Structures are given as C-alpha cells and as structure tokens.
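**Q** Take a look at the following structure, please.
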There are 2 protein chains.
Amino acid sequence: MDRFSTERDVVPLLGDWAARPGPLYRSLAGALTRAVHDGALAPGDRLPAERRLARTLGVSRATVVAAYEELRGGGLLVSRQGSGTRIAPDLRVRPPAADGRVPGGTATTIFQRLIDGPGELISMAVAAGGAVPQLADVLRELVRDDLDDLLADHGYHPGGLPALRVAIAAHLTGTGLPTAPEEVLVTTGAHQGLVLVTQLYLAPGATVVVESPNWPGCLDVFRSAGARLVTVPLDDEGPSVAALGAVLRERAPALLYLMPTYHNPTGLLMSATRRRRIAELAAVHGVPVLEDNASMTYHSESGDAPPPLAAYAPPGAEMLSLGSLAKAVWGGLRIGWVRGPAEIVQRLARRKVLADIASPVLDQALAARLLPRLEEILAVRSGELRRRLDHIDGLLRERLPSWRWRRPDGGGALWVELPGVNAVAFAQVAARYGVDVVPGAAMDPDGGHHSHLRLPYTFPPETLDELVHRLARAWAEFERHGPVPAVRVIV
Amino acid sequence: MDRFSTERDVVPLLGDWAARPGPLYRSLAGALTRAVHDGALAPGDRLPAERRLARTLGVSRATVVAAYEELRGGGLLVSRQGSGTRIAPDLRVRPPAADGRVPGGTATTIFQRLIDGPGELISMAVAAGGAVPQLADVLRELVRDDLDDLLADHGYHPGGLPALRVAIAAHLTGTGLPTAPEEVLVTTGAHQGLVLVTQLYLAPGATVVVESPNWPGCLDVFRSAGARLVTVPLDDEGPSVAALGAVLRERAPALLYLMPTYHNPTGLLMSATRRRRIAELAAVHGVPVLEDNASMTYHSESGDAPPPLAAYAPPGAEMLSLGSLAKAVWGGLRIGWVRGPAEIVQRLARRKVLADIASPVLDQALAARLLPRLEEILAVRSGELRRRLDHIDGLLRERLPSWRWRRPDGGGALWVELPGVNAVAFAQVAARYGVDVVPGAAMDPDGGHHSHLRLPYTFPPETLDELVHRLARAWAEFERHGPVPAVRVIV
C-alpha cells in the first residue's frame, strides 16, 4: 500500500501551517516543503486528492490546487493521470534518517508546539500554567535551612532522593494506599514513569489495553515500543467491565493501562465499585495494571476520590501507580513517581539509570518539602480551577450553544462533542483564528471520536474569554463553509 | 549453548556479596539466592565449576563447595555427574519478567551501588563529589532576582530553557566551536543525550564503533538498543587511524562514538592532528560522529585542549557533541546537552519529549547562570584535582609499587595496570577490604583489558589515603593466595 494516500496521514505533518501569515496556498506549499525536508514525507509518497485534502483542511479546493501547482513548478511534486500527485520520486533530499517521530503516532504534532516555543496561538495542547506560590516559599526555606547538606554528596540517587521517597510514600498512604519508601521510584514527571514501565513490560508486538479516548502522549510511548493498542470504551463509572473482560480473556495483554482518577481527556472519576471489579478482573487474568494518577492532584469537583486502584488489588495482583506534582504544583518541577512492589521498583531503577542515571536533586528536595502541604495547595488550586470551569461553561453555553459536554469530575479539560462534524477539519479553521485545537481522532487509537475535541479550562479567565471568542469566530466561519460531514476516514 | 556456564557471566550477578558480614560461604549462597529471586539466574541455568568460580572470586574452593552444598540442601541447586551444577530446573520462582538489566551489559553492577545507596564501601564506580560553592551562590541570586519570572510560565521546554540554550551556545563558541542556540538540545546529563542520539541513529543490529576501553554506562546504552559494538584501540594521540580506517571501510557503521577530551577511563586527550584526521575519515566514509565531551569540564593537566572534534568537521560531515556540567559543577544538577545541526536537534527534541517531555526549569536556570563563570570555576576545581592526582600518585608509588599507570591528560581517574593478574579476581578480594573496584574487563566489549582497573582520584585526600590503604591490604592478601594468572576468559 502507498504511504500517505489519505488526508488523515498527511494533515498531522503540516503542523501550524494555517496559522502562518500570507496567502493560504503559499502556507500550505511551505508546510509540504518542510515536511519533505524534514523527512516526514519521502520521495515517491502519494498525496491526497485535492478535493479531499481541501475538505479536511477546511479550505477551498482552489487553495490546494494552487499549492500543488506551485510545488509542481518547483519540481517537488509530480502529477500523473490515474496515479495522482506524488512527491517527485527522483527528488534529491538528505537521506531520511529517523526523524524522531513515532511511527503511527499522534502526539508529535501536539508536542511540536512546545518544541517550537510560544507564539500568537492559544494552544489547547497544554493544560498547564505557572507554579503555585508555595513553590517559591519552599525554595526560600531550602536555601535558608539545608542547602549545604543537600549539595555535599555526589548527587546521584537513581531510586530518588531518600527524603522524597519517604514523602511520596506518606502521601500515598494518606490517599488510602499504604506505601513504603522502597516501593517508590522518583521519575522525571509521570511521563518518564510511563516510559520505564513500558520498557520493562512491553516487548515489540505485545498488546496493551487502553481506555478510549486517551492522551496521545501516552499512546505514543506504547507505539514507540512497538506495542499493539487495544481499546476499551468508557461508561459513566469507568472502563466497561464487559468489554474489558472480553479483551483480557481473548487478547492476553501484557499490560492494562488506566487513568482511574480524572481520566484524560474526559475528566471521568472511576467509581469505587468499578475499581474493585477491575482490580479483580486483572488479577483473575494475571494481567499487570498500570494506573496513571497524574491528574489526581488536579482540580476535583467533589473534593473526594476513592483510594488509588492499587488499594483494591487482591493478593498477588501486580499493580503499578504513576503520580506527579505537575498538576498540583508546576510542570517545570518535573517530579513524578512510580509506586509498585519493591522488587519491581528495583528493576525500574535499573531502567532509570539507563535513561538518565538519576533525577536532579534540588527539585526532589523541593518536592519533599511540598508534599506534606499538598492538601492545603490542592484546596486553593481546586477552588480556582472550579471557578475557571464555571467560567468556560458559561461562555460556551452562550457562544457555542450547539457544542455538548459532560461536566468533568475533575482534571483540567472539557471533552467536547461538536454537532456532527469532523474536528480535524475544524482544527484547521481554528488555527487560522489563532487556536491550536487537539482533535479527538488523535486521542483514539481506532480513529474514532472524530467529532470531539479536548478543551482545557486551566487558563486564566481573560485567556478563556479570548479562547472562546476565537473558537466562536472560527466556528461561524466553519459553518459558513458548510460543515464537513463527520465521515469516519478508513485508512 | 547453556546460559551462564562461565564465571565471567555469573560474577557480575553476585553484586557486593564479598563485602557483606558473616562467613564467606554464607554470603556467597545468599548472593546466588538473591540472583535467582531477582530473575537474573533462572531455573535450569548452569553455574561454573567450583574450582573456577573460586579462582575468579579469589576465595578457597572450600568456600564455593560449602555455598553450593548449602543451596543444594535448600533445593535451590541440583548437581549431576557430568552436567555440573544448575539452578533446580523445577524451582518455582516468580515468572521472570524483564529485570531491567541490559542483556550482555556490564554497567548494572556498577550502578547498582547508586541504587542501593551509600554503605561502608569506598566505591570506585562513582568519580564524583559535592557541588562547587558557586552553585549555592547562583541559587541565592536566582531566588533574589528572577524567581517570579521563572515560575510564571508552564515550564515545558523540550529543547531547553531558551536562556540556557543561549549560554551553552556561547560556551561552546568559546571553546572554538561556533554554535547557535538552535543547535543545542538540553538533556538530563550528557547520558540522556547519548540515549536520545542512540534512539535516533541506531536500529537493532546496527554497528557502532567505540574506543576500547570505554565507559560501561555508555556501552550499555548501545547494547540496550541492540547495536553491535566494534572497537578501535587507542594510542598516545587517540584512536588508531589505521584501525579506524579499516573498520569504517569494512563495517559501514551507523555511528562512531568517541571521547576526544579526557577519554574515560584512560584520561587521554586526543591531539589536534588526530582530531583533523578522524573528522576527515568519518566524512569520507559518511559516518555520523558522536563525540562525548562530558569529561571536558573536569580536571585538565595542561589547562588547554584543542577545540571539540566537531570544529574539525569538513563541510557535510554529521557531527554531534555531548557536554555536561556534572564534572565541573555537580552531578546532582543533571544538566547536559547535545550540540548538532539544528535539524537534527529538532529530531532529538522529539525523542526528548517522548522520554520525559522536558527537563526541570530551575536547574536549567542555574546552569544558565553558571556557564558564564565556568572558566573561573574550572581554574579552582582543576587545581584541586591536580593536587589529588599528585597525592594518589605518591601513595600508589609507595604502597603499590608493582602497579603501572600513565599520568592522565585530564579527567578524574587513573587507568591502572595490575602486574599480570585478573582484575575481576582482585576486585572480589578488594570488596572484602571495603573497596568497590571496577575491573577493566567491564570496560572492554571484547573482554580484554582484564589486568586493568579504573581508579578515581576525585575523592578528598583523607578518602584517598583510606582507599589506597585498603587496596594495599587487599593486594597483600591477594598475593598471598598466589596471583591468579591473567587468562583471557573465552565465552
């Protein structure tokens, strides 16, 4: 089969083309040229037909025709009757070394925003703000009280700074999951914990069961290990027990990956009953479980969540839990952890050494001082986020009354359903109005949820005002074009 | 072929057994038991014959006999005439999930020290001390001057904090390698830079050319990617040109990995002439080069090194350079970098996102403030390290006159040759005297350099006194046993 024969494959490679200044056809031609020089498109690769690409990009067919024409003139593209438009097969480009993207992955486009740095766009890819004031407080305390001690040793603690392992263990015990320090590995954010667990549990070709929708950054970690993703749908209490039971029975997965406490992107809280049921199911089938509670220390609607999934594990079950201070304190601190059996933590520590030897010491010392104050931090932060959620809720009802969403139980984003249109196409229009939208299809390994988008509400009220204003203008423009039908693209 | 039929395979799995209290045979039996429960040894694995293991461990045959006997009594081992001693094939142990070790790797034993945390041993695995005083200075300045600005944004900078990329570029330009900020990726130590480059350049089965000896932590990164290691020997100016030319011609490697500025473990400085010649060779053969200058900002004998290898690259050559503040400032800061063409840095940034999204912000801000003062920091640090080198040099001449070493050009360790004995065996005796020795064979992918060991001189004088005292006592004991001949073990 040809590489890149559909618009679904090509659109993610075009990045923020629509947000660039100048005529649209020029921007599109520029984006295709960059994709070739970047190695994302290779000589001989087929491009989508003009009409289909135009529809997906939310532009007129004339724009795509003009872009292709310009590139044919420059020798980058060739078109032939019957075989469509291709990157010129004899084009001389730098031999395509690996370009760092994950084959089949959907997160690079999102993270490229971070790599490129800030622009005029309001990016919905990053639901994160500045640090809580307590971080500066503990930094001043640390400088005052125990800097000399801290800087005296060699600074390499692959398992984590002992004081932080103690503090994390105490924190987890407080959430209803009794934990000893040696059951904790400190990682560079929960994300690195996910990477290390993946390295330990997933050989190429292994099956990992994930909820759908899901966060693309996590899915790409599994994909990069060559794992096969099998999805289970969510209902109001968490992953469907019937679907999960069938998958565990039939697919013998190597890992079950779940986000019980404020699932990303739906904001769903898994019920206590469901936790018990799923922990039992996994144990019966002997499948290790990785629960990702990175969003646990975020906004919470009820202020009260059941204990982590691992607290429901029957004897002999293998459960690992990820956590992080990124949501409660600051992303720039990069402090996360894996909690699991001490012997598994030892093995993960070996992978940690292989990845980066150890995490920085200062940030760990700050985290150790912050964790005992977490409840107080969360009370303030959660109140603020609840007000922001109320605010965007009101704005959307007023300005975008045809959009639908369920009020999340916690987390930092709304999971919005657009009325019967493809969010990938809307994202292209939104980019022209200065909003970087993450469409639902990027969050579903099966390519479903195409009418959804993830809408973070963690921004300050004035940014939320501007965000919804831009979305509403983009939506009006999109509707004028005639909404693109929500056809599921089969690749 | 049987797994673990030789002592060379088994000894690294035994860890610090010889340093544990109690009778030696009990310690050995305990270490074997732990290796089984840890998954490092599996049911059915064959153990070395008693006499051979005893010789390699530097203990009497009776010790090994007693240990095996105890384990047979407990059902862990079985022995049969003709097929030797094995882990009981029907032993019920936890299904051996991946244990985090690198197949064929030699670094886990070294790093396990860091994972286990400090003990009574003087570990020669870690040539690192506390932070330079300037780190506390810049931290106080940062808290005073620009904490609010720093904590205001979302904190995710996959390429690196912009101010730090600028500072690293200025630093490299100052070493004779003109560099722009977008040619710099910030990493968690030089080690993570090595991991990211490995991910981008080395597919399973690819060949990477390395100097021999080499640092096991780096070799294990290549091994974990499934790469094949091909070695080139060193002469007084650097890697042998004749050997390198032959390897590049015959093996078409995917990467050439070199440590030009204070090679680890030999402390060799590659001459300017050799740099030019090797850069040309690599360009002629179209082989990308990764130079690891993590030891560049360490002790330097002459105070003056040629510019980095990349400064000698002919047009079109692909050169990447690793650097770090671990040696000059502190390992606990975990700030390193990769310098390369901007487009490669972009690709590496994508792998950085996949690894841990971004490095912590505070440490990066500190590094940005430290780099402009690096020359002043190095002047002091290098003077101190020169005095320590003089000190250990004198101690060794006096206490261990049969040992041989070349005075290093820089770095933090001596590369010592023992008089015709196997350093693996001596390491076992040294452990009983409280020194953790890294033997040369762990640093040579071909299993050579078996008479060598790496001896860090970065410790304070009183630790160096105690270190050499313990080594001298261990050496006396070792010589009493009759030195073990330096037989190259063929696996």
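**Q** Checking A:Ala67 against (1) more than 22 Å from A:Tyr433 (Cβ to Cβ); (2) at pLDDT 90 or above; (3) buried (at least 21 other Cβ atoms within 10 Å of the Cβ); (4) not polar (S, T, N, Q), which test does it fail?
**A** Failing condition for A:Ala67: (1).
**Q** Which pairs do you get when a residue that is outside any helix (DSSP H, G or I), found in the range B:129-145, comes within reach of a residue that is among the polar types (S, T, N, Q), reach meaning Cβ atoms under 7 angstrom, with the pair 6+ apart or on two chains?
**A** B:Gly129/B:Thr458
**Q** If you don't mind, there's one more thing I want to ask. Looking at B:Asp90 and the list (1) modelled with pLDDT of 85 or more; (2) in contact with a strand residue (DSSP E or B) (Cβ under 8 Å, 6 or more places away or on another chain), which single condition is not satisfied?
**A** Result: B:Asp90 fails condition (2) only.
**Q** Please work out if B:Asp356 is of a type in the set (Asp, Glu) and closer than 28 Å to A:Val186 by Cβ.
**A** For B:Asp356, the condition - of a type in the set (Asp, Glu) and closer than 28 Å to A:Val186 by Cβ - is met.
**Q** Might you check whether a residue that is of a type outside the set (Phe, Trp, Tyr), within 23 Å of B:Leu354 (Cα to Cα) and assigned to a loop (DSSP other than H, G, I, E, B) occurs anywhere in the range B:169-192?
**A** Checking the range B:169-192: not a single residue is of a type outside the set (Phe, Trp, Tyr), within 23 Å of B:Leu354 (Cα to Cα) and assigned to a loop (DSSP other than H, G, I, E, B).
**Q** Also, quick follow-up: In the set B:Leu333, B:Leu371, which member is out of contact with any strand residue (DSSP E or B) (no Cβ under 8 Å at 6 or more places or on another chain), among the hydrophobic types (A, V, I, L, M, F, W, C) and at the interface with chain A (Cβ under 8 Å from one of its Cβ atoms)? Give the derivation first.
**A** Numbers: B:Leu371 fails: at the interface with chain A (Cβ under 8 Å from one of its Cβ atoms).
Going through B:Leu333, B:Leu371 in turn, just one is out of contact with any strand residue (DSSP E or B) (no Cβ under 8 Å at 6 or more places or on another chain), among the hydrophobic types (A, V, I, L, M, F, W, C) and at the interface with chain A (Cβ under 8 Å from one of its Cβ atoms): B:Leu333.
**Q** Could you please find all residues in the range B:6-33 being in contact with a Gly (Cβ under 8 Å, 6 or more places away or on another chain) and under 17 Å from B:Gly447 (Cα atoms)?
**A** Correct list: B:Arg8 only.
This table checks each residue for (1) within 12 Å of chain A (Cβ to nearest Cβ); (2) not hydroxyl-bearing (Ser, Thr, Tyr).
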site	(1), (2)
B:Ala310	no, yes
B:Ala317	no, yes
B:Ser321	no, no
B:Ala328	no, yes
B:Arg339	no, yes
B:Ala342	yes, yes
B:Arg351	yes, yes
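**Q** Shifting gears a bit: Residue by residue through the range B:426-464, note down the ones that are of a type in the set (Gly, Ala, Ser), in contact (Cβ under 8 Å) with a residue 40 or more places away in the chain and under 24 Å from B:Pro233 (Cβ atoms).
**A** B:Gly440, B:Ala441, B:Ala442, B:Gly447, B:Gly448, listed by residue number.
**Q** Of the conditions (1) in contact with a strand residue (DSSP E or B) (Cβ under 9 Å, 6 or more places away or on another chain); (2) at pLDDT below 70; (3) within 13 Å of another protein chain (Cβ to nearest Cβ), B:Leu121 clears all except one; give me its number.
**A** (3) is the only condition that B:Leu121 fails.
**Q** Given (1) at pLDDT below 90; (2) closer than 25 Å to A:Leu114 by Cβ, identify the lone condition not met by A:Leu28.
**A** (1)
**Q** Going by what's in this entry, would B:Glu384 be described as away from every other protein chain (no Cβ under 12 Å) and among the charged types (D, E, K, R)?
**A** Yes: the conditions hold for B:Glu384.
**Q** Right, here's the next one. Just wondering, is there one or more residues in the range A:52-68 that are within 31 Å of the chain's Cα centre (by Cα), closer than 26 Å to B:Gly159 by Cβ, of a type in the set (Gly, Ala, Ser) and part of a loop (DSSP other than H, G, I, E, B)?
**A** For the range A:52-68, residues within 31 Å of the chain's Cα centre (by Cα), closer than 26 Å to B:Gly159 by Cβ, of a type in the set (Gly, Ala, Ser) and part of a loop (DSSP other than H, G, I, E, B): absent.
**Q** Another one. Only one residue in A:Ala152, A:Ala98, A:Ala136 is facing chain B (nearest Cβ under 7 Å), surrounded by fewer than 21 Cβ atoms within 10 Å (Cβ to Cβ) and at pLDDT below 70. Which one?
**A** Exactly one of A:Ala152, A:Ala98, A:Ala136 is facing chain B (nearest Cβ under 7 Å), surrounded by fewer than 21 Cβ atoms within 10 Å (Cβ to Cβ) and at pLDDT below 70, namely A:Ala98.
**Q** Any residue at all in the range B:252-272 that's more than 21 Å from B:Ala311 (Cα to Cα) and free of Cβ contacts under 8 Å to residues at least 12 places away in the same chain?
**A** no
**Q** Here is a further query. So is A:Leu234 at pLDDT 95 or above and within 14 Å of chain B (Cβ to nearest Cβ) or not? Break it down into steps so the answer makes sense when it comes.
**A** On the way: at pLDDT 95 or above: yes; within 14 Å of chain B (Cβ to nearest Cβ): no.
Criteria not met by A:Leu234.
The values are calculated or read from the model by the stated rules, or taken from the named source; none is laboratory data. Everything numeric here is computed off the predicted structure, so don't read it as measured data. All Cβ positions, even for glycine, are placed from backbone atoms using ideal geometry, and neighbour counts span all protein chains on display.
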